[in-house]
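To keep things clear, I will list the structure first and then write my remarks on it.
The values are calculated or read from the model by the stated rules, or taken from the named source; none is laboratory data. What you see is a predicted model, and the numbers here were worked out from it, not measured in a lab. A quick note on method: Cβ atoms are made from the backbone with ideal geometry, for glycine too, and the neighbour counts reach across all protein chains shown. Just so you know, the surface numbers come from the protein's heavy atoms only, side chains and all, with ligands and any DNA or RNA stripped out. Shrake-Rupley method; radii C 1.70, N 1.55, O 1.52, S 1.80 Å.
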Amino acid sequence: MIILEVTGLSKHFGGVTAVNSVDFHVSRGEIVSIIGPNGAGKTTLFNLISGVAGPDSGSIKYNGEEIGGMPPDRIAVLGVTRTFQNLQIFRNMTVVENVMVGAHRLGRKGLLQAGVRWPGVASEESFIYGRAIAALELVGLGEKKDMPAEILPYGEQRLLEIARAMALEPDLILLDEPAAGMNQGETNGLGELISRFPEMGTSVLLVEHNMEMVMAVSHRIVVLDHGSKLAEGTPLEIQQDSRVISAYLGEEVF
Ligand SMILES: Nc1ncnc2c1ncn2[C@@H]1O[C@H](COP(=O)(O)OP(=O)(O)OP(=O)(O)O)[C@@H](O)[C@H]1O
């Protein structure tokens, strides 16, 4: 079953076509990666799907509903959350407070609309705290919940962002370069974590420059180049695709 369907999607910035009539989809339970050289349009695509920017033309359907041009909070309530390439950590808050802000922004009504499982008796605050702790445990930061977020090493701050997005129990999570700045051990752990998301009910759309991780975790890969879709296929198909190899010519990617 398709949960995200992008059709003919375009976005221009002045004379630059950042996303050029792109088509692709994500089915429930899939991990789909978007790869492409710098400036290919990956972040812009994420911004369009998460509501940070509005499309110039084309359609973004989530569970059959048009979400193109909707504000980010409404898209989050529908079940699509994201992380950012540039970390959005509140340095003066604790680790758990950083996770809670994501849920607080939606409020009880929004969380209920989002289909978050809510035990009838829990107050909003204790419920959100419980969800935040569960998300921190998922990413392995449970024991650091009361630490100031700013003292976490960079790799753990990335995991904290993922916990914030997962605390909303999304149907679809958009991860924008989650392995950036991580060492190999952290990247391997991250890959194992992301691989478990589909069985938890969260499909994944991933933008990532670490090809080893992309090839290990993806069910399908979409390749962008200068805003257009260049190729699409399984990791094996993409590694053998001559158009992809020449788009990356001179870079050792695979
Ligand atoms: N707000 C903006 N204003 C003007 N141009 C922009 C804006 N955002 C992106 N662009 C341009 O659109 C194109 C696509 O950029 P985008 O950041 O989406 O690529 P990317 O694939 O995410 O690159 P990277 O891998 O470096 O993050 C680039 O040419 C970029 O300069």
**Asked** Taking the chain as a Gaussian network, Cα atoms linked when under 10 Å apart, which of Ser50, Ser126, Ser218 shows the biggest mean-square fluctuation?
**Response** Ser126
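What part of the accessible area of the chain, given as a whole %, is carbon or sulfur when the probe is 1.4 angstrom? Working shown, then result.
On the way: 5710 of 11180 Å².
The C+S portion of the solvent-accessible surface of the chain is 51 percent.
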**Asked** Taking Cα centroids, how far is region 128-171 from region 225-240 in Å?
**Response** 32 Å
**Prompt:** Among rounded, prolate and oblate, which fits region 144-196 when a ≥ b ≥ c are the square roots of the eigenvalues of its C-alpha gyration tensor, a/c under 1.5 means rounded, and a/b larger than b/c means prolate?
**Reply:** oblate
**Prompt:** Quick one: helix 95-113 against the long Cα principal axis of the chain, what's the angle to the nearest 10°, folded into 0 to 90?
**Reply:** 90 degrees
**Request:** Step through the residues of region 170-180 one at a time and calculate ³J(HN,Hα) from phi using the Karplus curve (6.51 cos²θ - 1.76 cosθ + 1.60, θ = phi - 60°), rounding each to whole Hz and writing x for Gly and Pro.
**Result:** x, 6, 9, 10, 9, 10, 9, 6, x, 8, 4
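Could you give the accessible area per residue of the chain, probe 1.4 Å, as a whole number in Å²?
Values: 11180 Å² over 254 residues.
That works out to 44 Å² per residue.
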**Request:** Collect residues whose amide H, placed 1.01 Å from N in the peptide plane, falls under 5 Å from the amide H of Ile34; neighbours closer than 5 in sequence don't count.
**Result:** Leu206, Val207, Glu208, Val222
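Filter the GluC sites (Glu not before Pro) in region 204-252 down to the DSSP loop ones having no more than 14 other Cβ atoms within 10 Å, then list what survives. Kindly include the intermediate steps, with their values, before the conclusion.
Values: sites: Glu208, Glu212, Glu232, Glu237, Glu251, Glu252; in loops: Glu208, Glu251, Glu252.
In loop regions of region 204-252 (DSSP not H, G, I, E or B), the sparsely surrounded GluC sites (Glu not before Pro) are Glu251, Glu252.
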**Message:** Amide H of Ser203 versus every other amide H placed in the peptide plane: which residues, excluding those fewer than 5 positions away on the same chain, fall under 5 Å?
**Reply:** Gly29, Leu172, Ile173
**Item:** For the chain, share of DSSP beta bridges that run antiparallel, in % to the nearest 5
**Value:** 55 percent
**Request:** Please give the helix 124-139 orientation as an angle from the longest Cα principal axis of the chain, in degrees from 0 to 90, rounded to the nearest 10.
**Result:** 50 degrees
**Message:** Taking θ = phi - 60°, what integer Hz values does the Karplus form 6.51 cos²θ - 1.76 cosθ + 1.60 yield along region 212-228, in sequence order, with x for Gly and Pro?
**Reply:** 4, 5, 4, 5, 6, 9, 7, 7, 8, 10, 10, 9, 9, 8, 6, x, 9
**Request:** Just order 127-134, 138-145 by mean Cβ neighbour count inside 10 Å, highest at the front, would you?
**Result:** 127-134, 138-145
**Complete:** Calc'd 3J(HN,Hα), region 46-59, phi into Karplus 6.51 cos²θ - 1.76 cosθ + 1.60 (θ = phi - 60°), Hz, glycine/Pro = x, comes to 4, 4, 5, 6, 8, x, 5, 9, x, x, 7, 7, x, 9
